[in-house]
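See below for the structure under consideration.
The values are calculated or read from the model by the stated rules, or taken from the named source; none is laboratory data. Source: prediction; values computed, not measured. Every residue, glycine among them, receives a Cβ derived from its backbone with ideal geometry; neighbour counts consider all protein chains shown.
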Amino acid sequence: MKAAALFVKALEAEGVHCIFGVPGEENLDLVEALRESSIRLIVTRHEQAAGFMAATWGRLTGEAGVALATLGPGATNLVTAAAYAQLGAMPMLMITGQKPIRTHKQGLFQLVDVVDMMQPLTKYTRQLVSAPTIPARVREAFRRAEEERPGAVHLELPEDIARDEVEDAILLPTEYARRPSPDDAALVQAAEAIGNARKPILMIGAAANRQRTAVALRAFIDKLGLPFFTTQMGKGVVDEDHPLWLGNAALSDGDFVHRAIDAADVIVNVGHDVVEKPPFFMQKGRRTVIHINFASAEVDTVYFPQIEVVGDIAHTVERLTDALEPQPHWDFAWFDKVRQAFHEQLKEHADDERFPMHPARIVADTRRFMPDDGVLCLDNGMYKLWYARYYRARQPNTVLLDNALATMGAGLPSAMAAKMVYPQRKVLAICGDGGFMMNAQELETAVRLKLDLVILLLRDDAYGMIRWKQAEMGYADYGMQFGNPDFVLFAQAHGAYGHRPASADEFLPALQRAYAQGGVHLIDLAIDYSDNHRILDEEIRRLSAAV
């Protein structure tokens, strides 16, 4: 058989169900092999979107999603998606084509050293130069992509290698490797520090967003009664309606959650990933920080934990739960006071009648409608801060946001992948007009795939987050505004349904109708960001300082 067919058989052995991509001339042998396989080829309208979809597939399943592109411009279009998966710890395999490596007649046409280009963006990148080695290369790529910390990997399949004949190739077993257990001495040290603390607090980060870890953390919190907060990518690991939830570290400082952090003498830091902005700044001797993660800490000027417990996170948390009992000297009165003030502030503007709509009202109406297992897929923009802070996630991986690369353009492709993984759940893409237009062409892909998907497009006719920062820095309002198409007609032109609420009270019914009807729907909703500075920079800071 051809090496391309062997490659596809190796993918099937890894359990690959679908590949997202834009094929090219150099991929045709692989495409032909896919045609005769059990793997579904999903053609997208841009390689970047294919990469975002593959990364989200990996994020939700733990199994590497697969993206396909040709050489040259096809491969370079995967670069942003590679960084998205690598920084966001999402397992993804990228497959790119290449000219024949033994002989070719096109000079340097479209020739880019893709393997070298992918080196700083991946955990593993290789050119396949021998057909019999394909099973080993594929197995190693998947192993690297999926093991902690997950990320992006890349394989380049040149055209002549893909056409080589190969006999008696052996597919390698895809055995599960157990993660290491934490060191007993480190566990004892951590348990003693927590037990001896007066005001311990729990922080939940991105690497804790695994199913077993969520169960272990809930048991830990329920037994010990420790107050907890999350980073943006740790949202939903533990139900945010839990009475001990102190909020999300969406803002850099000055929020209620930072008042709680400042009071803590021990911070149990579970799953913090340094790709996220630090939710607190350490000062020598002020408090003890316990680092619990799959890997040791990356020490920084603002993060230098005194105790590290390295190993499987869920197993570590289970061991700590067994080792600890609630202590009579623990004092959570201050945390209770901060939590009460925070929850009161969250209610403000939840029923605001203004139009264009207030961000807090949009978030509140979204939460009123979405079921607990409904999945929000946020692009990057000003609204991400409002959703991270105000939206209470009830289950793990139900708020998919990117606070690592924080790239625009991923919201719609991510939602499409989420709907494929969870066909029975409600999935909502939330995009700004700036980010949406970066991959708006994928509306056609969503319609072609017959997805039941709703896109909430928050329109302010500007790059809203940068405009907010511009105002915060005291600069003039300049260079951030743009024009937009008629998004209702735009949706209809792609075979989707378009809606444009004309008042705040029309938004929730529009959302309900869209899901009831089925198909792909776009809701063009005007948003009013005029309160960004007053609330996020001034009011929250003032109210939290007054606690």
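Before moving on, here are some points about what is shown:
- Residue within the range 469-492 that is farther than 24 Å from Glu444 by Cα, surrounded by 16 or more Cβ atoms within 10 Å (Cβ to Cβ) and charged (D, E, K, R) present: no
- Residues that are among the polar types (S, T, N, Q), in contact with a strand residue (DSSP E or B) (Cβ under 6 Å, 6 or more places away or on another chain) and over 17 Å from Ala89 (Cβ atoms), drawn from the range 285-311: Thr288, Gln306
- Screening Ala404, Ala429, Ala440, Ala415 for residues that are assigned to a loop (DSSP other than H, G, I, E, B), assigned by TED's automatic domain parsing to the domain that holds Leu376, within 17 Å of the chain's Cα centre (by Cα) and touching a residue at least 40 places away in the same chain (Cβ under 8 Å) leaves exactly one candidate, Ala404.
- Where helices (runs of 4 or more DSSP H) sit wholly within the range 146-227, those with at least 2 residues that are basic (Lys, Arg) and either surrounded by fewer than 18 Cβ atoms within 10 Å (Cβ to Cβ) or modelled with pLDDT under 95 (or both) occupy 211-224.
- Residues in the range 439-487 that are among the basic types (Lys, Arg) and farther than 20 Å from Met357 by Cα: Arg448, Lys450, Lys469.
- No other residue among Leu443, Leu453, Leu449, Leu457 is under 18 Å from Val375 (Cβ atoms), surrounded by 18 or more Cβ atoms within 10 Å (Cβ to Cβ) and out of contact with any Leu (no Cβ under 7 Å at 6 or more places or on another chain) apart from Leu453.
- Restricted to helices (runs of 4 or more DSSP H) entirely inside the range 26-82, those with at least 2 residues that are more than 14 Å from the chain's Cα centre (by Cα), farther than 22 Å from His494 by Cβ and outside the structural domain of Cys377 (by TED's automatic domain parsing) are 28-35, 73-76.
- Restricting Thr103, Thr133, Thr80, Thr70 to residues that are surrounded by fewer than 24 Cβ atoms within 10 Å (Cβ to Cβ), hydroxyl-bearing (Ser, Thr, Tyr) and under 22 Å from Val274 (Cβ atoms) narrows the list to Thr80.
- Taking the criterion of being touching a strand residue (DSSP E or B) at 6+ places or on another chain (Cβ under 8 Å) and of a type outside the set (Ser, Thr, Tyr), the residues of the range 197-220 that qualify are Ala197, Lys199, Pro200, Ile201, Leu202, Met203, Ile204, Gly205, Ala207, Ala208, Leu217, Phe220.
- If you check Gly311, Gly374 for being in contact with a Phe, Trp or Tyr (Cβ under 8 Å, 6 or more places away or on another chain) and of a type in the set (Gly, Ala, Ser), only one passes: Gly311.
- Single match in His272, His242 (criterion: assigned to a loop (DSSP other than H, G, I, E, B), surrounded by fewer than 18 Cβ atoms within 10 Å (Cβ to Cβ), assigned by TED's automatic domain parsing to the domain that holds Val338 and not small (Gly, Ala, Ser)): His242
- The set of residues in the range 341-391 being in contact with a Leu (Cβ under 9 Å, 6 or more places away or on another chain) and not in a helix (DSSP H, G or I) consists of Pro356, Met357, Met370, Gly374, Val375, Leu376, Cys377, Leu378, Asp379, Asn380, Gly381, Tyr391.
- Leu378 meets all of the listed conditions (1) without any contact (Cβ under 8 Å) to a residue 40 or more places away in the chain; (2) under 21 Å from Met357 (Cα atoms) but one, namely (1).
- Candidate set: the range 280-314, residues that are assigned to a loop (DSSP other than H, G, I, E, B) and in contact with a helix residue (DSSP H, G or I) (Cβ under 7 Å, 6 or more places away or on another chain); chosen: the one surrounded by the fewest Cβ atoms within 10 Å (Cβ to Cβ): Phe294
- Some residue of the range 328-341 being touching a Pro at 6+ places or on another chain (Cβ under 8 Å) and either buried (at least 21 other Cβ atoms within 10 Å of the Cβ) or basic (Lys, Arg) (or both): yes
- Here the condition is being part of a loop (DSSP other than H, G, I, E, B) and modelled with pLDDT of 95 or more; of Met117, Met90, it holds for Met90 alone.
- Filter result for Asp164 (free of Cβ contacts under 8 Å to residues at least 12 places away in the same chain and more than 20 Å from Asp273 (Cα to Cα)): no
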